[in-house]
Structures are given as C-alpha cells and as structure tokens.
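Structure first, then comments.
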Amino acid sequence: MVTSLAALSSGCTKEGLTSGHTDAGAPPPGADAAVADLAPDAPLGFDVFVSSDDAKLGGDAAADAVPAADAATDTKPAADAATDTKPVGDAATDTKFAVDAASEGKPPVDVGNDKPLADAGDAAKDAPSACLWQDASVPVGGSVSDGCNTCACMTNGMMACTGRTCPILDAGKDPCALPTAVAFGYSGGLVAYQDQYNLNPSTGLTVTRNYMRGLADGATVRTCAPKLPVCGAPAVVSVSTIVADLAAADVQAAFALTTTPIYGVDQRPVDGAIFSITLASGGTILVGAPCPSPVMNSCRPIPAGVQKLADDLKSLATAAAGQPACAGL
C-alpha cells in the first residue's frame with residue numbers, strides 16, 4: 001500500500017498528519033518514525049511515498065545492511081609463499097651435478113665437459129712398472145747411481161735425480177780406473193771375527209776374515225775373492241761409484257789431514273765398532289755413528305762426501321759376502 005501525502009495542506013504539521021488517521025487508514029509501521037525524523041512544525045512541501053514492501057524506514061542496519069566483507073572469508077588471502085609461489089631453485093636439486101658412480105653404476109662425470117673422469121683402477125693398470133736408464137730397466141721405486149748423483153724411478157715412468165755437484169774428472173780418464181787401493185772394514189767391538197776388505201785396481205776385491213778365538217780346525221784367517229759388479233752397472237755400487245766418491249772435495253780434504261780424523265760418535269769405548277777407510281796412497285779416516293742432535297761438543301759431524309763413501313763401501317761389502325765364492329768363510 002502506498003499512502004500519498006500530497007493532498008494534505010501545505011500548512012499541515014506532523015501532529016496533524018498522525019492524528020487525522022483512523023485505524024482503517026493507519027499509516028504503515030515505521031511511518032511515525034519517518035515523520036518523527038522531520039524537524040518539528042516543518043512544512044511538507046514535497047511528496048513522500050512510504051511502501052511497506054519496497055522500502056523500510058529506520059531499518060535495522062545489522063539485519064538489512066550487507067555486512068562488510070570478512071577479510072578472513074570473503075576476500076582472497078594473500079598468496080602463501082610456501083604454497084602459492086614457486087620456491088627458489090635448490091642448488092642441490094635444480095643444478096647439474098656429477099653422477100654418483102656408486103648409485104648409477106657409471107664413472108663420475110666431469111660437469112664442465114660431460115666426459116667421464118679417469119677410473120683409478122684403469123690408471124693403476126696403465127701405470128708404468130719400470131723406467132729406462134742408460135739402456136737398462138729400473139723398476140718403479142728402484143734407484144741407480146752414476147757414482148755422484150742418485151736417480152730413482154718414479155711412478156710416472158720418469159727418472160728423478162739428485163742435483164749434487166760432481167767432481168770433474170780429467171779428460172780421457174777411465175771412470176772405472178781406481179787411483180789407489182782402498183782398505184776398509186769395521187774395527188773394534190766385542191765380536192767373534194772381523195772382516196777386512198781390500199779393493200785393488202789390479203786384483204779386484206779381497207775379503208779377509210780374522211777369527212778372534214780361532215776355529216775348531218785351528219784356522220784363524222780365511223779369505224775369498226768375490227766378483228765385482230760390472231763397472232757403471234745401474235742400481236748397484238761398482239768401482240766407478242767408489243772412484244767418484246774418492247774424488248769428492250770433502251773426502252780428499254779428510255784424507256789430507258795429518259792426524260786421523262774421527263767423524264761422528266766413536267763407540268769403541270763401550271765395546272762398539274767404528275768404520276775405518278785407509279788409502280794405499282796415504283791417509284785414514286774413521287767414521288762412527290751420526291752425531292746426536294743437538295750436536296755434542298766432542299762430536300765431529302760427518303761430511304756428506306765422507307758419509308757417502310762409507311755407505312757405498314758397506315754396500316759393496318754386503319754384496320760380496322753374499323756371493324758363492326765367500327760362502328766358506
């Protein structure tokens with residue numbers, strides 16, 4: 001139902017509007033509220049239409065108004081970085097990496113060029129087992145000496161040599177020509193016998209064993225003449241090695257001393273022995289154990305050349321003792 005107020009007198013007030021109606025023509029609910037909102041005694045100079053179906057005056061905002069959108073339910077939530085966005089690439093999973101040989105059954109791959117890396121087992125199979133030195137084969141780990149420097153066979157098949165400054169031999173001088181006879185061996189000590197060696201340019205090597213208490217047959221001395229290695233042969237001490245050792249400057253200086261020098265620790269006072277080297281041309285040197293560290297005031301350090309000469313002569317003696325010619329000593 002629509003009620004028109006246009007027919008009312010323009011001087012009518014809100015009191016007259018409400019009081020002139022009967023129940024049969026009572027204004028719809030809410031009309032009084034609408035009229036009450038007008039200023040008192042204000043003239044009504046316009047048409048007001050009230051509809052119970054199409055409009056509600058003074059409606060309940062809580063019931064009639066559309067509620068504001070609930071951000072929690074009516075709006076789209078902000079993108080969750082954990083679910084709605086693409087995570088940053090993981091270097092461990094998104095980048096290229098070498099193939100695990102243990103899990104894939106294939107050799108590792110070089111990421112830079114996609115080529116299989118060398119297999120350690122194959123490398124071991126392909127590694128050389130010997131080196132070539134002066135037309136001779138030297139096994140890996142073995143060494144040779146030219147009488148001055150020592151060369152060792154490396155795992156890559158190459159020879160690595162020391163850089164010692166070697167004495168200059170006279171032009172045309174035979175490196176296997178021993179300049180003088182050399183007598184050497186241990187002296188002193190509480191032992192059953194002592195071996196003395198004589199390296200002679202003409203007769204070669206002779207070994208003399210002196211028995212301190214004699215043998216059952218009454219013999220006190222026995223001798224043998226072992227064969228010397230080929231001069232200059234690789235990986236062994238030969239005459240050329242001793243010739244080069246004797247030419248070293250510190251060795252010549254030691255033999256030139258007027259009194260016999262004792263290098264290192266002399267262990268004879270405690271029933272030990274000392275290594276003696278005597279040249280037929282003159283001069284003797286005694287070589288004991290290396291000086292302790294720090295060096296004692298009474299210990300004379302062993303020169304490098306003297307130590308090498310002593311070591312090479314001992315090697316020559318050990319090789320001689322193992323030969324059949326000296327088995328009866």
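Taken together, the values in this text are just the output of simple stated rules run on the coordinates, not laboratory data. Given the structure is predicted, the values throughout are model-derived calculations rather than measurements. Positions of Cβ are generated from backbone atoms using ideal geometry, with glycine treated the same way; all protein chains shown enter the neighbour counts.
Work out from phi, with θ = phi - 60° and the Karplus expression 6.51 cos²θ - 1.76 cosθ + 1.60, the ³J(HN,Hα) of each residue of the range 255-270, listed in order in whole Hz, and give x for Gly and Pro.
6, 7, 5, 6, 10, 5, x, 10, 9, x, 9, 7, 9, 5, x, 10
Based on the Cβ-Cβ distance of ASP271 and VAL230, what FRET efficiency does E = 1/(1 + (r/R0)^6) give at R0 = 41 Å, to the nearest 0.05?
Numbers: r = 39 Å, r/R0 = 0.95.
E(calc), rounded to 0.05, equals 0.55.
Tell me, what HN-Hα J-couplings in whole Hz come from the Karplus equation 6.51 cos²θ - 1.76 cosθ + 1.60 at θ = phi - 60° for each residue of the range 236-242, using x for Gly and Pro?
Those phi angles translate into 9, 8, 10, 4, 4, 5, 5 Hz.
Tell me which residues come under 5 Å, amide H to amide H, from GLY232 once H is placed; ignore anything under 5 positions away on its chain.
Hits under the 5 Å cutoff: SER238, VAL239, SER240, THR241.
Given H placed on each backbone N at 1.01 Å, which residues far from ARG300 in sequence or on other chains put an amide H within less than 5 Å of it?
GLY264
If amide hydrogens are placed 1.01 Å from N in the peptide plane, which non-local residues have theirs closer than 5 Å to the one on CYS176?
none
So if I take the centroid of the Cα atoms in the range 179-228 and the same for the range 237-282, what is the distance between those two points in Å?
17
Starting from 0.36 nm per residue, how many nanometres of slack lie between ALA136 and ALA249 once their C-alpha separation is accounted for?
Values: separation 113, 0.36 × 113 = 40.68 nm, distance 3.02 nm.
Residue separation times 0.36 nm, minus the Cα-Cα distance, leaves 37.7 nm.
Say each of SER202 and THR318 gets a label point 7 Å from the Cα, pointing the same way as Cα to Cβ; how far apart are those two points in nm?
3.3
What length, rounded to one decimal in nm, is gained on full extension from ASN149 through to TYR193, with 0.36 nm per residue of separation minus their alpha-carbon distance? If you can, show how the numbers build up before the last one.
Details: separation 44, 0.36 × 44 = 15.84 nm, distance 3.44 nm.
Going from the current span to full extension adds 12.4 nm.
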